[in-house]
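The values are calculated or read from the model by the stated rules, or taken from the named source; none is laboratory data. Model, not experiment: these values are computed from the prediction. Note that we place each Cβ from the backbone using ideal geometry, even for glycine, and neighbour counts take in every protein chain shown.
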Amino acid sequence: MTASRPATRRTVLAAALAAAATAAPLSAPTAASSAAVPSGARSARPSGGSTVDYRAWTSLSDWRTGTGEGTRPVAGPRPGLTLAAPVGTTDHTDPHTGRTAPWEYAVWTSPAHTLPVPAGELVASWNAHTPAGTWIRIELRGTYTDGTHTPWYTMGVWAFGDADIRRASVDGQSDGVSTVRTDTLTVDDTSAGPRLAAYRLRVTLLRTPGADIAPTVWRLGAMGSDVPGRFEVPPSVPGVATGVELDVPRYSQNVHIGRYPEYDNGGEAWCSPTSTQMIVEYWGRGPTAEDLAWVRPGYSDPQVCHAARHTYDHQYAGCGNWPFNTAYAATYRGMQGLVTRLDSLTDAERLIRAGIPLITSQSFLAAELDGAGYGTAGHLMTVIGFTADGDVIANDPAADSNAAVRRVYKRRQFENIWLRTRRYNEKGQVRSGTGGICYVVFPVKPAPSQHRVLRSLSIR
């Protein structure tokens, strides 16, 4: 997406309050409330001055913690949590279809996780299998540094398909101290009020009453951060990944302009799913011919259309919901994904050196990134390597052909536009930056060298 076209990807950091809700949150089934004094495992990441913390529940022992109502841990090569015995039935009216239907449900609530550094933002992400007739809802409840709590905020209503419910974020959620803006819980004013000291996550698993199928959640986590407000970030020096370039497929979003306008006006705004699809295929996965049968014959790279459809957020009306993209990637065999922040290109280099590309989110004026040829209020691209001089090699989907996707961007320029939290737009007005947001997608069973790097970044 570029500034020369309609801006559809909202920025999150320090944004204005979201517009009034057009869809009411689902009525919450009963579940355990959070404790007054949080206690939970801290992340494995060394302190090192980082304000970023990612914590996830993924293992069989993880799923045996917390509080389950009608859920059951599932052992195996990919441990998960499933609906075992519904604890009730709830009617849900989908605000995007008007359809009301009953659903059996079960609920699991995580233990409280205490953040090493109180956070100004939280972004939840998850991986799950939702066969037809099932879906999940992800909620988050924060504990402020003054000991009070947020409400249970809905962070996503999610299913891989779109026949039963419409995958969506929920607008209009705020307690006057914090606000949910699409996929991010943000403290409204960190200079005047409390930050988030801890949080719990809650997942509700739902299915058609009487069905013998159930959703399974494999990963449930959140990234908390307190990135300082800044227009400039300290530069890093070229490191371990200089001269390394990963063989990531190249797809252009622009070749899809006009296709399926019901998914955020077609390809002109498909930077996120196009980037996600590149990474999925880098790992040797992708949709089958049967999966793509719905795409109009003659469309090139139909898998990009497929990714757009299955990442589309019907409330945000776009394909750029961060956790919806990583959840899509994780629906492929043996894959998982999450949303986090990194502190510098040094961290990105360590991932690249280990063979793990990443997807970065940034906004910039055309003059701030030489070689891009456009400016943007929000854009996703794939970092695939570094030149011998340490410059960034990116698969940038904002290209007019697949052949033109590969770009080399100056290290200092790229790092600053990605990591900053404040910027000026073309009118000289102060706007927000993403502060190092990225998607990390990798196998369920990573190689030992990949596992070590991921663990060092608090990712497991």
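Residues checked against (1) outside the structural domain of residue 362 (by TED's automatic domain parsing); (2) among the aromatic types (Phe, Trp, Tyr); (3) in contact with a strand residue (DSSP E or B) (Cβ under 8 Å, 6 or more places away or on another chain):
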site	(1), (2), (3)
194	yes, no, yes
199	yes, yes, yes
215	yes, no, yes
244	yes, no, yes
266	no, no, yes
Quick one: in region 212-228, which of the residues that are assigned to a loop (DSSP other than H, G, I, E, B) and out of contact with any Leu (no Cβ under 7 Å at 6 or more places or on another chain) is farthest from residue 187 (Cα to Cα)?
212
Residues of region 105-136 classified as within 15 Å of the chain's Cα centre (by Cα) and not hydrophobic (A, V, I, L, M, F, W, C), total
3
Whether any residue in region 394-410 is of a type in the set (Gly, Ala, Ser), out of contact with any strand residue (DSSP E or B) (no Cβ under 7 Å at 6 or more places or on another chain), buried (at least 17 other Cβ atoms within 10 Å of the Cβ) and over 24 Å from residue 231 (Cα atoms) is what I want to check.
yes
Quick check, is residue 362 modelled with pLDDT of 95 or more, more than 27 Å from residue 454 (Cβ to Cβ) and assigned by TED's automatic domain parsing to the domain that holds residue 267?
no
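Of the residues 100, 93, 67, 71, only one is buried (at least 19 other Cβ atoms within 10 Å of the Cβ), of a type in the set (S, T, N, Q) and in the same structural domain as residue 117 (by TED's automatic domain parsing); which?
Unique residue meeting the criteria: 71.
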Right, residue 111: surrounded by fewer than 24 Cβ atoms within 10 Å (Cβ to Cβ) and touching a strand residue (DSSP E or B) at 6+ places or on another chain (Cβ under 6 Å) or not?
no
Which members of region 366-377 meet the condition of being touching a helix residue (DSSP H, G or I) at 6+ places or on another chain (Cβ under 9 Å) and at negative phi?
368, 369, 370, 372, 374, 375, 376
Give me the pairs: first residue in region 394-415 and within 16 Å of residue 300 (Cα to Cα), second residue aliphatic (A, V, I, L, M) and part of a strand (DSSP E or B), beta-carbon distance under 7 Å, and six or more apart or on different chains, which are they?
397/381
In the set 350, 333, 407, the lone residue that is modelled with pLDDT of 95 or more, part of a helix (DSSP H, G or I) and among the basic types (Lys, Arg) is 350
May I ask you to verify whether residue 237 is in a loop (DSSP other than H, G, I, E, B) and at pLDDT 95 or above?
yes
Scanning for something free of Cβ contacts under 8 Å to residues at least 24 places away in the same chain, touching a helix residue (DSSP H, G or I) at 6+ places or on another chain (Cβ under 9 Å) and within 22 Å of residue 460 (Cα to Cα), does region 81-104 turn up at least one residue?
no
Conditions (1) among the β-branched types (Val, Ile, Thr); (2) under 17 Å from residue 125 (Cα atoms); (3) not in a strand (DSSP E or B): number failed by residue 154:
(3)
Within the bounds of region 343-359, is there any residue that is in contact with a Phe, Trp or Tyr (Cβ under 6 Å, 6 or more places away or on another chain), more than 29 Å from residue 413 (Cα to Cα) and in contact (Cβ under 8 Å) with a residue 60 or more places away in the chain?
no
